[in-house]
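Participant: One structure, as structure tokens, below. Some questions next.
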Protein chains: 6
Amino acid sequence: MVDITHKNNTLRVATAQAIVKTSSENTIAMIKNNEIPKGNVFEMAKAAGLLGVKKTPDLLPDCHPLPIEYTGIDYEIDGLNIIISMTVKTIYKTGVEVEAMHGASIVALTMYDMLKPVDKGVEISTIKLLQKTGGKSSFKAPKE
Amino acid sequence: MVDITHKNNTLRVATAQAIVKTSSENTIAMIKNNEIPKGNVFEMAKAAGLLGVKKTPDLLPDCHPLPIEYTGIDYEIDGLNIIISMTVKTIYKTGVEVEAMHGASIVALTMYDMLKPVDKGVEISTIKLLQKTGGKSSFKAPKE
Amino acid sequence: MVDITHKNNTLRVATAQAIVKTSSENTIAMIKNNEIPKGNVFEMAKAAGLLGVKKTPDLLPDCHPLPIEYTGIDYEIDGLNIIISMTVKTIYKTGVEVEAMHGASIVALTMYDMLKPVDKGVEISTIKLLQKTGGKSSFKAPKE
Amino acid sequence: MVDITHKNNTLRVATAQAIVKTSSENTIAMIKNNEIPKGNVFEMAKAAGLLGVKKTPDLLPDCHPLPIEYTGIDYEIDGLNIIISMTVKTIYKTGVEVEAMHGASIVALTMYDMLKPVDKGVEISTIKLLQKTGGKSSFKAPKE
Amino acid sequence: MVDITHKNNTLRVATAQAIVKTSSENTIAMIKNNEIPKGNVFEMAKAAGLLGVKKTPDLLPDCHPLPIEYTGIDYEIDGLNIIISMTVKTIYKTGVEVEAMHGASIVALTMYDMLKPVDKGVEISTIKLLQKTGGKSSFKAPKE
Amino acid sequence: MVDITHKNNTLRVATAQAIVKTSSENTIAMIKNNEIPKGNVFEMAKAAGLLGVKKTPDLLPDCHPLPIEYTGIDYEIDGLNIIISMTVKTIYKTGVEVEAMHGASIVALTMYDMLKPVDKGVEISTIKLLQKTGGKSSFKAPKE
């Protein structure tokens, strides 16, 4: 694990994206109409994601435990795809990119698990960092 | 959570895939030559993945806890990509698809976290089920 | 921890109750209209409760880990109170009373945490077993 | 999760109460005489409660992880009831009310689990905040 | 992780030992007289050990999750040493040696942590398997 | 749990040692040649140890959660013994001795679990603090 004892606290913000690809318009309609039998997909996946962000250092060996000071989730439906944006903030010595990516993956996996009974063709695609600020270098993913 | 009290135990096998896309041949060479500063990427990500599979029901609300009876990880390097295959087996009333997908995602995220200091362009793509047997319906992802 | 190696698997069902007492009709109205800023109270508390049931043996020293085969949550609004009923099922050597009570308490605490910004007077009252079947003795709480 | 990046660290103290209601004087006598077969109820429940306070952000989605700097437990026997007071302190940007309430509930549930073999009528009643200081507003529960 | 899908359930019992070596008779006297400021050492370490046994597969990558059906702890004081014996039972396809050893180590570490303020010279020595039955081969540590 | 609200942050470093005693030169040769069937012992045990350090407050009741800012593991082979040194750093109000000792014990237990199929005589010996700096008193174990 990288030694960060000599570093200073700064505000760090990271936004990661995960995309859940469904295979039918019916799935998207059921989600919108809150008809998925296991519950409200957006709300339950949000709860799982908020918890998941906090568990990142329990799962990734080199990841420093740090004070998560904000977590927010946005959903956007784009055709058959659900685009998840997970933003995490801390004031600490190291960034929250991996926390945001892990949180986004847990949101996506919870959706997969909830949608599985009604759509066998769901995939998770493109878990990536969209943006980070704070720290030595900022980053913004290029437009596609 | 779906009621499975009436179901019978059968052998269930699931294989999931996650792809880690690096952005330079140098990254791949460093991995192959065991030169990544945080440690041996394949071995440490395997340890994280074995633990991650077992933690799936701690992270996904509707997922049944079940006896994980085998977990195996294969790596394949394909150009700039590392293809992770995670296989999970149980003899139980419900399948292990989500466990395999979660495990594959944790392996991929551990790699991302270990590679981040040497390659800022790593992405995780296409976490999906490759194959499952046991249960009501088998599944094999179509060739691409 | 009690030795259960000599016991047989039977279907065990337990239902526990927790009551969240709010202090104003406005709180109840905001919940019903999905206006609580932290999110949908019923859905997020359900996700937390499903995970909480599974974590019971991580928190209570003498509690046996066991295969949770069903978890269900019902909500009833009664004046200023929200009545939570948590039902858990397993086919195992020991019962799921404590799992149901722990799950109900986590649902109630999640509600408390979500409602705190809009209602300072929330309390949790009466976490108790309503009913259990299976095992040596059945139980049904007396009508009040 | 509420954004607390702009807030300042202050000393926060919260005390929560949970009441375990036993159904017979024999139960109280067995506890006092350290005769409960599963072990010393007060000491084991204290250990579970100290761990439980620290796990609060693993269980409640919106709860910020924070540095628990003190946890203390007091027990009072009042007739057939055991009154648990759990005090938590931190120097941080947000309070520890929910941590104190969660800790008190884990102490109470551990007692329930340990007493179950000797008393089928145990209930947990009235998990509530007794007092908090620090933060924008102090709070003291009204005398009953 | 070893594939155990083809194996049969049998009763497995394992007993492991850990030794906590204190550095003064005063420490032993304080333990016996229940005067350690952090609480009753034997009871709190027992609670931590019961929980620790159940968390073994969360910490050791290759360890199968399995139904812990009994956990028992014995303490013996031998001069300045405290000898911890942890016995674990399951009816499953694989043994509980590592669970017993992990549990014994957590009991010993909890003691270390509780005794540290009154005795700076505490060490943990000799965590080993004393005995196992069930499975392909039994084992009994040679007398010393 | 000791009240540390009045204490100041200082750099704290602790190094703990655990010794894994194998019973044959063949075991040591297999480890060195990376021939242990479960995987690379040093790398997988390192991953488990990094995670284990962070989980210390989840397992030891009185242990304060704190920001782990560095974790490092060294291995030395000395005849049939593997000497594990685990160093942990934080800038906080309390030390990291117990974290280093717990991490070292998890590394040792992971080795035991990975070596068990090829060597039935493995033991863990002498988990102790080697050195600590920061805080009221420094400590250095006497040379043996």
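Participant: Would you be so kind as to identify which of C:Thr10, C:Thr110, C:Thr56 lies farthest towards the positive end of the dipole of chain C, taking Lys and Arg as +1 and Asp and Glu as -1 on Cβ and the Cα centre as origin?
Facilitator: Checking the options against the dipole of chain C, the answer is C:Thr10.
Participant: Sorted from shortest, what are the nm distances separating the label point of F:Asn81 from equivalent points in the other copies, each placed 7 Å from Cα along Cα to C-beta?
Facilitator: Shortest to longest, the spacings are 1.6, 5.0, 5.8, 5.8, 6.4 nm.
Participant: Among the listed pairs F:Lys89/F:Lys136; F:Lys7/F:Lys132; E:Lys136/F:Lys120; F:Lys54/F:Lys116; E:Lys21/F:Lys93, which are separated by more than 21 Å between their Cα atoms?
Facilitator: Distance filter (> 21 Å) returns F:Lys54/F:Lys116; E:Lys21/F:Lys93.
Participant: How are the C-alpha pair distances of the protein assembly as shown spread across 20 Å bins, as whole percents from the shortest bin up?
Facilitator: 16, 52, 30, 2
Participant: Give the residue from C:Ile124, C:Leu80, C:Gly134 lying farthest towards the positive end of the charge dipole for the stretch C:53-144; charges sit on Cβ (+1 for Lys and Arg, -1 for Asp and Glu) and the dipole is referred to the Cα centre.
Facilitator: C:Gly134
Participant: Comparing E:Gly49, E:Gly72, E:Gly103, which has the greatest mean-square fluctuation in the GNM of chain E with Cα pairs linked when under 10 Å apart?
Facilitator: Evaluated over chain E, the most mobile residue of the options is E:Gly72.
Participant: A follow-up question, please. For the stretch F:25-135, give the percent of accessible area contributed by carbon and sulfur heavy atoms, probe 1.4 Å, rounded to a whole number.
Facilitator: Numbers: 1340 of 3080 Å².
Summing carbon and sulfur atoms, their accessible area is 44 percent of the total for the stretch F:25-135.
Participant: Convert each backbone phi in the stretch B:122-129 into a coupling constant with the Karplus relation 6.51 cos²θ - 1.76 cosθ + 1.60 (shift: θ = phi - 60°), then list the ³J(HN,Hα) values in order as whole Hz, x for Gly and Pro.
Facilitator: Per-residue couplings from phi come out as 6, 10, 10, 10, 6, 8, 8, 7 Hz.
Participant: What is the distance in Å between the Cα centroid of the stretch A:2-81 and that of the stretch D:40-59?
Facilitator: 28 Å
Participant: Per residue of E:35-47, what is the mean number of Cβ atoms on other protein chains within 10 angstrom of that residue's Cβ?
Facilitator: Details: counts 0, 0, 2, 6, 10, 8, 1, 3, 10, 10, 4, 8, 16.
The per-residue average across the peptide is 6.
Participant: Another question about this same structure. Under the convention of a label 7 Å out along Cα→Cβ, give the distances in nm from F:Asn34 to the same position in every other copy, shortest first.
Facilitator: Taking the point 7 Å beyond Cα along Cα→Cβ, the inter-copy spacings are 0.4, 5.3, 5.5, 5.5, 5.6 nm.
Participant: In the calculated pair distance distribution of chain C, what percentage of Cα-Cα distances lie above 21 Å?
Facilitator: When all Cα pairs of chain C are counted, 43 percent exceed 21 Å.
Participant: Further, regarding this structure: With θ set to phi - 60° and the Karplus curve 6.51 cos²θ - 1.76 cosθ + 1.60, what are the ³J(HN,Hα) couplings of the stretch C:85-94 in order, to the nearest whole Hz, using x for Gly and Pro?
Facilitator: 10, 10, 10, 10, 10, 8, 10, 7, 8, 9
Participant: Most mobile of E:Lys93, E:Lys116, E:Lys128 per a Gaussian network model of chain E (Cα springs, under 10 Å)?
Facilitator: Maximum fluctuation in the GNM of chain E, among the listed residues, is at E:Lys116.
Participant: Same structure again: Return the chain A residue and its Cβ-to-axis distance, rounded to the nearest Å, for the rotation relating A to E.
Facilitator: A:Asp58, 4
Participant: Per-residue Cβ counts within 10 Å, from other chains only, averaged over F:1-13: what number is that?
Facilitator: 4
Participant: Using the Karplus equation 6.51 cos²θ - 1.76 cosθ + 1.60 (θ = phi - 60°), what ³J(HN,Hα) coupling, rounded to whole Hz, does each residue of the stretch B:70-82 give in order, writing x for Gly and Pro?
Facilitator: Karplus values, whole Hz, x for Gly and Pro: 6, 9, x, 10, 10, 10, 9, 9, 10, x, 8, 9, 10.
Participant: Next question, about the same structure. Using label points projected 7 Å from each Cα along Cα→Cβ, tell me how many nm separate D:Lys140 and D:Lys120, to one decimal.
Facilitator: For the pair D:Lys140/D:Lys120, the computed spacing is 4.5 nm.
Participant: Are there GluC sites (Glu not before Pro) in the stretch C:1-77 that DSSP marks as loop and that have at most 15 other Cβ atoms within 10 Å, and which are they? Provide the component values of the computation, followed by the final result.
Facilitator: Numbers: sites: C:Glu25, C:Glu35, C:Glu43, C:Glu69, C:Glu76; in loops: C:Glu35, C:Glu69.
Taking the stretch C:1-77 and a limit of 15 other Cβ atoms within 10 Å, the loop GluC sites (Glu not before Pro) found are C:Glu35.
Participant: To continue, here is another question. About the Cα centre, and with charges only on the beta carbon of Lys, Arg (+1) and Asp, Glu (-1), how big is the dipole of the protein assembly as shown? Nearest 20 debye, please.
Facilitator: Approximately 0 debye in magnitude.
Participant: Return the distance in nm (one decimal) between the two label points of a simple spin-label model at A:Asn26 and B:Asn34, each offset 7 Å from Cα along Cα→Cβ.
Facilitator: Spacing of the two 7 Å Cα→Cβ label points: 5.3 nm.
Participant: Can you list, shortest first in nanometers, how far F:Ser23 lies from the same residue in the other copies, with each label 7 Å from Cα toward Cβ?
Facilitator: 3.3, 5.2, 5.3, 5.3, 6.6
Participant: Considering amide H positions built from the backbone, and no H for Pro or chain starts, which residues 5 or more places from E:Phe139, or on another chain, come under 5 Å of its amide H?
Facilitator: Amide H neighbours of E:Phe139: E:Lys132.
Participant: With charges set only on the Cβ (+1 for Lys and Arg, -1 for Asp and Glu), what does the dipole of the stretch F:25-135 come to about its Cα centre, in debye to the nearest 20? If you can, show how the numbers build up before the last one.
Facilitator: Working: 11 positive and 14 negative charges, 49 e Å.
In total the dipole reaches around 240 debye.
Participant: Which of C:Leu129, C:Leu80, C:Leu50 moves most in a GNM of chain C, Cα contacts under 10 Å?
Facilitator: Sorting by GNM fluctuation, first place goes to C:Leu80.
Participant: Under a cut-off of 20 Å between alpha-carbon atoms, report the aspartates and glutamates in cross-link reach of E:Lys128, not counting same-chain residues fewer than 8 places apart.
Facilitator: The reachable aspartates and glutamates, counting only those whose Cα sits under 20 Å from E:Lys128, are E:Asp62, E:Asp74, E:Glu76, E:Asp78, E:Glu97, E:Glu99, E:Glu144, F:Glu25, F:Asp78, F:Asp113, F:Asp119, F:Glu123.
Participant: Averaged across the residues of C:86-96, what count of C-beta atoms belonging to other chains lies within 10 Å of each residue's C-beta? Mind dumping the intermediate values first?
Facilitator: On the way: counts 0, 1, 1, 4, 1, 5, 2, 3, 1, 1, 0.
Averaged over the peptide's residues, the number is 2.
The values are calculated or read from the model by the stated rules, or taken from the named source; none is laboratory data. All of these numbers come straight from a predicted model, not from anything done at the bench. Because the Cβ atoms are built from the backbone with ideal geometry, glycine has one as well, and the counts that use them run over all protein chains shown. Protein only, heavy atoms only, side chains kept; ligands, DNA and RNA dropped before computing areas. Shrake-Rupley method; radii C 1.70, N 1.55, O 1.52, S 1.80 Å.
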